[in-house]
1. Roughly how many Å is it from the Cα centre of the range B:57-71 to that of the range A:376-395, as a whole number?
2. Using only the Cα atoms of the range B:4-198, what do you get for the radius of gyration and for Dmax, in Å?
3. Just to confirm the number: angle between the C-alpha axis of helix A:278-291 and the first principal axis of chain A, 0 to 90 degrees, nearest 10?
4. Give me A:T484, A:T213, A:T650 ranked fewest to most by other Cβ atoms within 10 Å of their Cβ, as a rough exposure proxy.
5. Order of B:F101, A:F179, C:F44 from fewest to most other C-beta atoms within 10 Å?
6. Counting Lys and Arg as +1 and Asp and Glu as -1, what is the net charge of the other residues whose Cβ lies under 13 Å from the Cβ of A:Q356?
7. Whole percent per 5 Å bin, from 0 to the bin with the longest distance: what is P(r) over all C-alpha pairs of the range A:450-490?
8. Taking H as built 1.01 Å from N, whose amide H comes closer than 5 Å to the amide H of A:H104, not counting residues under 5 places away?
Amino acid sequence: MRLSRKSEQVEVVEKQHLGLNRRQFLRSAGLATGGIAAASVLGMGMMRKAEAQTEFVPHDTPIEVKRTICSHCAVGCGVYAHVQDGVWTHQEPAFDHPFNAGGHCAKGASLREVGSGAKRVKYPMKLVNGKWKRISWETAINEVSERALKVRQESGPDSVYFMGSAKFSNEQAYLYRKFAAMWGTNNVDHSARICHSTTVAGVANTWGYGAQTNSINDMRNAKSMIFIGSNPTEAHPVAMQHILEGKERGAKVIVVDPRFTHTAAKCDEYIHIRSGTDIPFIYGLLWHIFDNGWQAQEFIDERVYGISRIQDACKNWTPEEVENVVGVPREQMYRTAKMLADNRPGTVVWCMGGTQHHIGNANTRAYCILQLALGNMGVVGGGTNIFRGHDNVQGATDFGLLNDTLPGYYGLKTGSWQHWCRVWDLDYDWVKGRFDQGTYLGQVPMNSTGIPCSRWHDGVLENKAELAQRDNVRMAFFWGQSVTTETRGQHVKEALEKMDTVVVVDPYPTIASILGNRTDGVYILPACTQFETYGSVSASNRSIQWRDKVIEPLFECKPDHETMYLLAQKFGFEKQLCKHIKVNGSEPLIEDITREFNRGMWTVGYTGQSPERLKMHQQNWGTFSIETLEAPGGPAKGETYGLPWPCWGTPEQKHPGTQILYRTDREVRNGGGTFRARYGVEHDGVNILAEGSYSKGSDIKDGYPEFTDKMLKQLGWWDDLTPEEKLAAEGRNWKTDLSGGIVRVAIAHGCSLMVMLKHVVSFGISQMISQCIVSRYIHRVVT
Amino acid sequence: MAVMKFLCDTKRCIECNGCVTACSNSNSEALVWGIQRRRVVTLKEGEPGEASISVACMHCTDAPCMAVCPANCFYRTDDGIVLHNKATCIGCGYCFYACPFGAPQFPQKTSFGSRGKMDKCTYCAGGPVPDFSKEEVELYGANRIAEGKLPLCAEMCSTKALLAGDAEVISSIYRQRVAARSNPNVIWGYDPQTAADFK
Amino acid sequence: MHREPLYTPRRDLVAKYPTYQDRRVARLPTLYWSIQKEDYAKDFPVILTTGRIVEYEGGGEETRSNAWLAQLAREMYIEINPADAADRGIRNGDKVEVLSPTGAKVFVKAMVTPRVAVGESFMPFHFAGVFEGKSLGPKYPEGTEPFVIGEAANTAMTYGYDVVTQIQETKATLCQIKKA
């Protein structure tokens, strides 16, 4: 404990219970509505009064046990919540949960406090003449939607900004993206932009998918681990359970960071680099690796394209130049390179220290190249284990809660929109008609990347003529994300002041509601936490976990999907938004949303994880091994916990999920796979399909391009499809065939849907691709 | 009978404060703002050799607090857990001087004369009032021992550094870990000198 | 290919490892060289980086409102190396002013520690509710002010966005630290 950090500044003298329960708060809220303080917000005075009559829940009150997942980082720790008489009375460790085995950091151990409701927004409010005024939900929705429609009419749909959240469940994230699409804008984004967006871009360019390739549990099997710009002791403490286990089994731990972090204190080798010199550092390691012939040549020949260019580039990064730029002496670089070479398989972990740079995407590619040179990909104990920082930032990314893609990384091209319109069962022309039909600086709003959440304030403040959309951002929804995360605080404040309307939808009044010097035009809508609703959440390792609802919504809070629906009603597209989703009152049914995205998420394999399968996994935490994440027996026998994507095909096809991406020593039907095509199968006339490398049990050896209806016909596999599947698959490829037939047949023949491609490592190519993804982000949809 | 102890494996402790918060969670009704029955102390902060340890009442076998208490408010349970009676505690603070770990806490931070009742880790074993009663919850906190559970701090430790249980059992777990790690100076924790020897 | 940070302390490396030219990224004009070409290192010699602390998460709005967590980390701070602190007459626990090249000033407590190297400093990014020395506490709706508020590190963080994804640069910028 750092005493200087935790000062002795204690203000509260009177006894203040830390565990105010829901009922006390409900009662005090009732008092407030009952007239005593009808116009004012429930203040501390009221809270203390409520405490004086502490309601005691007797120990023998029947206990309901709920299974939920921590809502902080993306490790995904399991929690048993004990609820008695509607109050969350105890939080018990989930010793049988395969990720955390009961362990929690400070944040995870504090979850029950959420049930107390202290400091929560209790009812909708608006700022009137500089004072907060309580309003009804009806008034709030009416006024907010009127203001939004006015901006839409005057400046077009792109002048309303939809900031989303990594705290949404998968269902809410998907619905929010769909909601923004129905509104007619790509100005929708969330905090993945500001944490791992460069990883998604950089890693996807090298491997095919931008996500953690292995799992945190798999780090138990690593022989070496190198952390670059990652400090799991503070950011992902429960991951340290597996990391330290790996270390106790002999793994070498290397920490590269400008600070001597708590993680560094546990390592074998600490390397101080100057902030922003990751690339020279990696090249410096590669220099020693190539100089000593430590590269994994066989792996490179089979699966890597462009390594010679890397070797050429390395020549500039001599030990002397590395010491000059990075500040690490030759001996330490040599020692580190040797440690990595001698201890394979090894894993690379990076977090914000690597990504949050103006060259972030190049940093992430450099880390990948290191792993390729060492041959650490597609193996147990290897991989690039990027740790994600919010409970559902992986899921929100996958569901395209981003300004540059639709769900499933389909991109924003016309074909992408047509695919999702088929999933939504909506007329493409209607969806298109929702968008601004103009062209601005050569960009068409429906198909062009929106304003990133890292720069929404530039969307407000930038000269209109310089913006590739009709008008500035004039109104924003800050839905579950704090603007504290945007740099250039003075500009953030200015932008908050300049906008017509600021809407904060959050359990807590985030800084966006008060930072600007405003007297009017700010609304706060109270949102539920994930403990007051239910749904699925994707952990860092791509496992999808189901959460129970622990307690009923506190005060007047509403779950996010309900608030979206209420707004959609006013915007006039609630029927389209929920065409195939049952709506109870004004709350869309979560399971129906899950089933809807199951029907469309073919690219990354979010199709097999039905609500039923996820709930079955949730009920059987204890059957999954902490070592392998697989269930050796029980109802989920043979499956990997949480069906980590890609979980190919329909739920009925029972794919077990893929714990380790790109491993060729397993059949695809059993969680194996290959790399994926992002930009064709040729470069400079050179074939970049893999050679002599294929997944176990594949009927096709060597690499192959993507599966389409035509390819199935050429291979003579077309008749493996059922008549219904044939109908749906005609003219489609595996990503757009909604029947899943192409996927089923390809997997039955042991083939991977990801193209058997070599990893492309050359920076020349990567830069070429970077240019493409600025406008298109991820990959093309062939329709 | 068992002899219940805490043991913190400093090689695994990462100062995540999970134990501190777990204690707040378990005993929330008995705690006030600013009082932590458990703390994590870090030595050599920010330097090679940095180590953290989670500290609370160690439930000493020959407890100094018990020896010095003028009001005789301390007692030991059959499981070796040291508890005290807030009804007879006079808030004098002697136990605080006697305790080598700084475990006793005084909720009211004013001058000596008005210290208020002493509060300390109960090993999640409640106090000398009926089990699970309202009085117990509000004065002493949880009684997990009576439910057959261990203290929440140890149960929730993120890296399994903090062990709680019968002394025999937890020391044998720790012994196995130490044996597996071999010479701690060679493979554990960053030491520029050791690292330089590795060529 | 290496490119020096936009706000780099190593001016001697800028010619060899320059950043990109200014360009349009998606809908917004984005600055690179027009920032890097200015020499800020003379007036702002200390590297500033940001990161997490275990008690809080993200913008900290939720976790600073959680009593069990808030009591563990009650104040915003900056980590400074003992050598830099001594040069500036700063002692552990002193109030300091962190000056950003953008003109922003944040007022925080100094934590003097060898955890950061000489010439480098670190701030956690979870705090908010104080802006350039002014508390915004009274502006929260009644009863909702988090248990802990503090200066937001990002008030002092500078321009810089990834050329592909527009991620913001929060790990490598410059500042000057003065005793407040």
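1. Result: 49 Å between the Cα centres.
2. In Å, with Rg to one decimal and Dmax whole: 18.1, 60.
3. Between the helix axis and the principal axis of chain A, the angle is about 20 degrees.
4. Ranked by crowding around the Cβ, least crowded first: A:T650, A:T484, A:T213.
5. Placing the least packed residue first, the sequence is B:F101, C:F44, A:F179.
6. -1
7. 5, 23, 32, 23, 12, 4, 0
8. Amide H to amide H, under 5 Å and 5 or more residues apart or across chains, A:H104 pairs with B:C157, B:S158.
Since every read-out is calculated from the coordinates, none of them should be taken as a lab result. Bear in mind that the values here come from a model prediction, so they are computed numbers and not experimental data. We place every Cβ from the backbone using ideal geometry, glycine too, and count neighbours over all the protein chains shown.
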